[in-house]
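Take a look at the structure below.
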Amino acid sequence: MEKYKDYEIIVVKNDEKDYPYKSICRIGDKEIKHKGQSQTQAIDFVKQSIRKMELLNAL
């Protein structure tokens, strides 16, 4: 688990060969999920989505 701002990002193993990791962040009733080739990549994708949603005031 990793903290980003006030959010918790959880990384789990994924059963796909190309993307073995999946990161999940739950924000209220919303959920952001991304797959990655490494744990760091999956987390970075979720962080990018959080930043975009904050810019759009969607959170």
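The number of residues in the stretch 12-38 that are farther than 20 Å from Lys52 by Cα and either part of a strand (DSSP E or B) or of a type in the set (D, E, K, R) (or both) comes to 7.
Candidates in the stretch 26-52 are the residues that are of a type in the set (A, V, I, L, M), within 15 Å of Lys5 (Cβ to Cβ) and touching a residue at least 24 places away in the same chain (Cβ under 8 Å); of these, the one that is surrounded by the most Cβ atoms within 10 Å (Cβ to Cβ) is Val46.
Only one entry in Tyr21, Tyr7 is touching a Cys at 6+ places or on another chain (Cβ under 8 Å) and not hydrophobic (A, V, I, L, M, F, W, C), namely Tyr7.
What's the number of the condition Gln41 fails, among (1) at pLDDT 95 or above; (2) part of a strand (DSSP E or B)? Unmet condition: (2).
The values are calculated or read from the model by the stated rules, or taken from the named source; none is laboratory data. Quantities reported herein were computed from a predicted structural model and do not represent experimental measurements. Note that each Cβ is placed from the backbone with ideal geometry, even for glycine, and that neighbours are counted across all protein chains shown.
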